[in-house]
Amino acid sequence: MVSRTEDSVKQKAVRYLLAGIAALAVVHALGRFSFTPLLPYFIQDKMLTITQGADLATINYVGYLVGALLAVRYSGPQFIKKYLLIGLLGNALITLAQCFIPQYEWLLVLRLLNGVTNGIVFVLAPALLLEWLIMHNKAHLSGLVYFGVAIGLLAGGILVDSTAASFKAENRWIPIALVSLILAIYSGMRFLEIKTQSVGYHDKDSKMISKPKLFDNRSTPLFLSYVGAGLGYILPMTFLPALAHDTISENGIWVRNVWVITSISCLLFIPLWNWIGHRYGDRLSLIYTYILQGLGVAAVLFIPSAIGVITCAVLVGSSFVGTVMCTQRLARYFQPHQGPRLSAAMIALYAGSQLIGPWLAKMWMEHGGTLLQSFAVGLGAFIWGLFWAWRTPKA
C-alpha cells in the first residue's frame, strides 16, 4: 500500500512538473523571449527600429514587474490557482493578438500586458508547485520546473528561424502563438488537479497567521544580489542576437544561431545547477552562476567577435536560470513560512532591476554610444551580484 501511494505521488509529481514546464515555456520563453530572436527580423522588415525594440523590451519588463507585484497580492491559497490560470491563458491569447498587429503604439500595449501575465504566472506556477512538492517531501525536484524556460527558448529560436522565409513582419508571431495556445491549454488542465495548502495560512479563512518581515539579516544580502542578477542578464538576453546580426562582421552559422546556442546551454545546465545546489548547497551554486555570467558578458566586451558572442551565449545561457533557481530555494530556506509571498517579492525585485537595462541601452545609443558598449552595465551588475551573494549566510 505504501509503495502504491509512493508511486502515485511520483506520477503526480511528474505530471505537475510537466504542467509547470509548459506554463513557463508559454509565458517566459515563447511569449516573452521569442521577441529577442524576432527583433532582427522585425528590423529587417522595417517594422521596428532598434530603439523601438528597446522600448518594447522595457515596457514588457514594466509589465513583468506589475505582474509580480500583483502576484504578491494574489499568492494566497484562495487566489493562486485562479489567477495562475487567468495569467496563463491570457498570455497565450496576447501572443496570438500580436500576429495581426504591426503598429508600434498597439504593440506597446500588448507587450505591457504580456509582461503582466508573464509576471503573474512566473511567480505563481513555481510557487504552487514548490508548496505541493514540499508537502510530499520532493522539494529537491523544484528546480526542474525551469526546464520550461530552456525548452521554450530553444523551441522559440527554432520556430523563428525555421519559418523566417515563410512569414513577414507581425505574421512571424504565428508559429509561436499556435504552440503557446496548445501548451497553455494542456498546462491549465493539469493545474486544476493540484491541491495544496500553504504553510502559514488558516484552513478556514486563509488569512496569514503571521507575516514576518521579508528583509532580515539573512535574506537582505540575497535580495541585493538578485538586483544584480536581473540587471546583468537582461541585456544579453534581449540584444545578443541583434548584436550578432548587426555588429559582428563574421556572419557564420554559429553567429546566426546564437539564440539556439543560448537555449541549448540553458537546457543542458539546468539539471546540473539543480544537482549542485542540492548536493553542495544553493549558496555555493549561486556564487558560481554569477562568476560565469560575468565572464560571459566580459567576453563579448573584450573580444567583440564571433568568439566573444558565442562565449557570452554559452556562459550567460547556461547560468541565468541557475541563479533564479538557487536564489528562490535559498530564500525559501531562510523564511519557510511565507513561500509564495516570498517568491512573488523576489521576482518583483528581479523584474524591477530588469527594466532598467534596455532603458539604459537606449539612452546610451541615443547619445552616440553603441549597443556593444552598453553591455558594460551587465558586467558591473554581475560583479555587484557576486559581492552580495558572497555575503549571503551559509544555509
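The values are calculated or read from the model by the stated rules, or taken from the named source; none is laboratory data. In this text the structure is predicted, and so the values were computed from the model without any measurement. Neighbour counts are summed over all protein chains in view; Cβ atoms, including those assigned to glycine, are modelled from backbone coordinates with ideal geometry.
Kindly list, by first and then second residue, each pair from a residue in region 233-252 that is farther than 16 Å from TRP364 by Cβ to a residue that is modelled with pLDDT under 80, limited to pairs with Cβ atoms under 7 Å and residues at least 6 apart or on different chains.
Short answer, once both residue conditions are applied: ALA244/VAL255; ILE248/VAL255.
Mind listing just one residue for me: the one in region 276-289 that is hydroxyl-bearing (Ser, Thr, Tyr) and either within 13 Å of SER318 (Cβ to Cβ) or touching an Asp or Glu at 6+ places or on another chain (Cβ under 9 Å) (or both) and, of those, surrounded by the most Cβ atoms within 10 Å (Cβ to Cβ)?
THR289
Every residue in region 240-273 that is at pLDDT 80 or above and among the β-branched types (Val, Ile, Thr), please.
Selection gives VAL258, VAL260, ILE261, THR262, ILE264, ILE270.
Of the residues TYR61, TYR74, TYR41, TYR16, only one is more than 22 Å from PRO175 (Cβ to Cβ) and modelled with pLDDT of 90 or more; which?
Just a single option satisfies the conditions, and that option is TYR16.
Could you grab the pairs with beta carbons closer than 6 Å, sequence gap of 6+ or different chains, first residue in region 49-61 and under 15 Å from GLN354 (Cβ atoms), second one aromatic (Phe, Trp, Tyr) and part of a helix (DSSP H, G or I)?
Final answer for the pair search is THR58/TRP359.
Within the set of pairs 6 or more residues apart or between chains, which connect a residue that is of a type in the set (Val, Ile, Thr) inside region 274-285 to a residue that is outside any loop (DSSP other than H, G, I, E, B) and crowded, with 17+ Cβ neighbours inside 10 Å with Cβ atoms less than 7 Å apart?
Partner pairs satisfying both residue conditions: ILE276/SER285.
For region 369-381, check the following and say yes or no: at least one residue is modelled with pLDDT of 80 or more, crowded, with 24+ Cβ neighbours inside 10 Å, touching a Leu at 6+ places or on another chain (Cβ under 8 Å) and of a type in the set (A, V, I, L, M).
For region 369-381, residues modelled with pLDDT of 80 or more, crowded, with 24+ Cβ neighbours inside 10 Å, touching a Leu at 6+ places or on another chain (Cβ under 8 Å) and of a type in the set (A, V, I, L, M): present.
Show the residue pairs meeting these rules: Cβ distance below 7 Å; 6+ apart or different chains; first residue within region 37-48 and over 16 Å from GLN103 (Cα atoms); second residue buried (at least 23 other Cβ atoms within 10 Å of the Cβ) and not aliphatic (A, V, I, L, M).
If the second residue must be buried (at least 23 other Cβ atoms within 10 Å of the Cβ) and not aliphatic (A, V, I, L, M), the pairs left are PRO37/GLY156; PRO37/GLY157; PRO37/PRO241; PRO37/TRP259; PRO40/PRO241.
Which residues, taken from region 71-93, are over 14 Å from ALA23 (Cα atoms) and in contact with a Gly (Cβ under 7 Å, 6 or more places away or on another chain)?
ALA71
Being crowded, with 22+ Cβ neighbours inside 10 Å and within 14 Å of ARG283 (Cα to Cα) is true for just one of ALA331, ALA345. Which residue is that?
ALA331
Could you run through region 348-368 and say how many residues are assigned to a helix (DSSP H, G or I) and either touching a Pro at 6+ places or on another chain (Cβ under 7 Å) or loosely packed, with under 14 Cβ neighbours inside 10 Å (or both)?
2
Collect the residues in region 129-188 that are modelled with pLDDT under 90, among the charged types (D, E, K, R) and in a loop (DSSP other than H, G, I, E, B), keeping them in residue-number order.
Passing the criteria: only LYS138.
Go over the candidates TYR83, TYR41 one by one and state the one that is out of contact with any Ser or Thr (no Cβ under 8 Å at 6 or more places or on another chain), part of a helix (DSSP H, G or I), hydroxyl-bearing (Ser, Thr, Tyr) and closer than 30 Å to THR163 by Cβ.
Being out of contact with any Ser or Thr (no Cβ under 8 Å at 6 or more places or on another chain), part of a helix (DSSP H, G or I), hydroxyl-bearing (Ser, Thr, Tyr) and closer than 30 Å to THR163 by Cβ holds for just one of TYR83, TYR41, which is TYR41.
Just one of the numbered conditions (1) over 30 Å from VAL255 (Cβ atoms); (2) free of Cβ contacts under 8 Å to residues at least 60 places away in the same chain; (3) not acidic (Asp, Glu) is not true of ILE310; which one?
(1)
I want to confirm something. Restricting to region 311-323 and keeping residues that are aliphatic (A, V, I, L, M) and buried (at least 24 other Cβ atoms within 10 Å of the Cβ), which single residue is farthest from ALA229 (Cα to Cα)?
ALA313
Identify, by number, the condition in (1) in contact with a Lys or Arg (Cβ under 7 Å, 6 or more places away or on another chain); (2) within 15 Å of ALA348 (Cβ to Cβ); (3) surrounded by fewer than 24 Cβ atoms within 10 Å (Cβ to Cβ) that ILE59 doesn't meet.
(2)
Only one of LEU24, LEU38 is crowded, with 24+ Cβ neighbours inside 10 Å, under 15 Å from the mean Cα position of the chain (by Cα) and among the aliphatic types (A, V, I, L, M); which?
So the residue among LEU24, LEU38 that is crowded, with 24+ Cβ neighbours inside 10 Å, under 15 Å from the mean Cα position of the chain (by Cα) and among the aliphatic types (A, V, I, L, M) is LEU24.
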